[in-house]
Amino acid sequence: MSATAAEPWVGRRIKRKEDPRLIMGRARYIDDINVTGQLWAAFVRSPEAHAKITSIDTSEAEGMPGVVGVFTAESLGLAPDASAWNPMVASTLLASDRVRYVGEPIVAVVAESVEQAVDAAEMVFVDYDVLDAVVDVESALASDTALFDSVPGNVVVDSVAFGMPDVSGDDFFADCEVTVSGTFVNQRVAPCPMETRSAA
Amino acid sequence: MAGSVRVSMSVNGAQQSADVEPRLLLVHFLRETLGLTGTHVGCDTSNCGACTVHLNGEAVKSCTLLAVQADGAEVTTIEGLGQEGALHPLQEAFWEHHGLQCGYCTPGMIMASADLLERNPKPSEEEVREALAGNLCRCTGYHNIVKAVLAASEA
């Protein structure tokens, strides 16, 4: 198949080249890759939306069959990782002293089989002091609960600090013939790649 | 191995046996024990249908079955539906009609569609959409999937 003056590529209907392996079930997504001696990780995750972690007990999990290691922020010596877009907000990849969403990973259990990893993860015990959950902009502004000690009042971005005009008072709109105001709710958009980068 | 049970079943025409834990899901038996990774896990809730295979000729969600429940049965996975050079009409149709993008839901879509066409060889568009209600796709918007199934029914 090649392009000619009479039948150029542009405008020609072309079947995808990647489809054969996809329609035959022969593609290799990350979980399809298996190598001899590979280990499996299971994560212990927070059941709380916002809480202080008061203790993490991994002793029982460490002794379970097939377990190669049980890892926490402390055992790995993790330093808080600042978000590129919000330098004020930094947390460890495994939660250290605080969890801020249901599902936040706290402990990583590595074992020789997925069943052994999952069984050992169930034998990790984490204690929590539950804090108020602050889940929307209005309550975050009104609440006494700061999600990050480094972010008083829960305001990470104040547009005035970036040189934008202060539109919070009445003066800014004083000369306008018509002013329109409203509250518009848009759901959070969280693009999630289907798979992460990986190698074997 | 903690409390193992021997299971035997025919998978894509070949007899397979293994010692498994009773809690092992059929999808994990197919993917991990047998290495047939064409069947996918797409959710934790039985919603998505990416795990659809045929058990004794009927479409089932293999994530919601234990391997032990398939003992003595005949299982067909996407790998058993068609081969290079001898694709199933549904596989040809999905390719021809751009019924896939990332391809993750595709094996499940094809297996569910194959079951539909066995039961109802000339479905209406509505019947196709109804039959595929248990299969989710994040990429295509379903439009070309439906076209592909209808085209396969004409083949």
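What follows draws every value from the coordinates through simple rules; no lab data is involved. Predicted model only: the values in this text are computed from it and were never measured. Here Cβ is always computed from backbone atoms with ideal geometry, including for glycine, and neighbour counts include all displayed protein chains.
Counting only other chain Cβ atoms within 10 Å of each residue's Cβ, the peptide A:15-22 averages 5. Panel values: chain B, Kirkwood radius from alpha carbon pairs, Stokes-Einstein at 20 °C and 1.002 mPa s, translational diffusion coefficient 136 µm²/s.
Of all lysines in the structure, those lying under 22 Å Cα to Cα from A:K17, and not within fewer than 8 positions of it along the same chain, are B:K147. Annotation: aspartates and glutamates with alpha-carbon distance below 14 angstrom to A:K52 (same-chain offsets under eight excluded): A:D97, A:E104, A:D127, A:D129, A:D132, A:D149. Convex hull volume of the C-alpha atoms in segment A:1-44, normalised per residue: 150 Å³.
Overall shape of the protein assembly as shown was characterised from the C-alpha gyration tensor. The equivalent ellipsoid obtained from it has semi-axes of 45, 34, 19 Å, in decreasing order.
Considering all different alpha carbon pairs of chain A, the Kirkwood hydrodynamic radius works out to 22.3 Å.
For B:K61, the aspartates and glutamates whose Cα falls under 14 Å of its own Cα, not counting residues fewer than eight places away in the same chain, are B:D44, B:D115.
Out of segment A:42-131, which chymotrypsin sites (Phe, Trp or Tyr not before Pro) are coil in DSSP terms and have no more than 12 other C-beta atoms within 10 Å?
A:W85
For a test of the definition: using alpha carbon positions, the gyration tensor, and the 1.5 limit on a/c, classify segment B:73-155 as rounded, prolate or oblate. Rounded is the answer for segment B:73-155, as its axis ratio a/c remains below 1.5.
Oblate is the label for segment B:1-51. Its Cα gyration tensor axes, ordered a ≥ b ≥ c, give a/c of at least 1.5 and b/c at or above a/b.
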